[in-house]
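What follows is calculated from the coordinates using simple rules that are stated; it is not laboratory data. Here the structure is a predicted model, which means the values were calculated and not measured. Here the Cβ positions follow ideal geometry from the backbone for every residue, glycine too, while neighbour counts run over all protein chains shown.
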Amino acid sequence: MRPNIHSDRKAQYKKYIELGLIVSLFLHILLLQGYKRIQIRPIKISKALPQMDVVDVPIVKHTKTSQPPRRPSVPIPSEDEEILDVEMDDPFIDVWDPDYTPPPPPEPTEDQWTIPFVAFDKRPTPVGGYEAILSKVVYPEIAKKAGIEGQVIVAVQIDEKGNVIHTRVMKSLGPNGCDDAAMRAVRAVRWNPAYQRDVPVKVWVTIPVEFKLVQR
């Protein structure tokens, strides 16, 4: 007959368990005996704890300083006919009228006015050159006595035939008569018109007019 291997292993397993329990119990006994020999001494604290002051913290109450935004007012229709017949001076009311025509824009001031741009290939020139304009300048007596010197810039509009249509002072020397004298000198000379592709055109140009006293 073959020996029973499973029964032998079960017997060995039980012996191993019993041996492990005996060793564990023996180790616990040694630990307990060693713990009894340890003497625990209390530690005395020589330094005293610092004294702490108790401060009462006041209770702060928050107050609302800003008010909430007001609700927008809602228009309420009125049945009163007298209110509907009132004429209001608001100019924006007439915009809803189909026959409404907006007013013309205001005229630009002296500081806001700019020269209208017209393209040209050949600039208009005074007949006789710039010296012809200076020869027509009459120095105002007020400016002479005050010793006023400087430059007046005149904007000139010249048509297709070389005629001066409009003049406008772009840079003034003040109320001393120099502005009027400069415009009269520009109007007194003849002009060659401007050309765009060999076709005369009406343009604006600026002409500087010098006022300088002759030192004697």
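Once region 155-196 is narrowed to residues that are small (Gly, Ala, Ser) and within 27 Å of Lys212 (Cβ to Cβ), the residue that is surrounded by the most Cβ atoms within 10 Å (Cβ to Cβ) is Ala182.
The number of residues in region 139-153 that are assigned to a helix (DSSP H, G or I) and surrounded by 12 or more Cβ atoms within 10 Å (Cβ to Cβ) comes to 3. Quick check, is Ala194 under 41 Å from the mean Cα position of the chain (by Cα) and touching a residue at least 60 places away in the same chain (Cβ under 8 Å)? Judged against the criteria, Ala194 is not a match.
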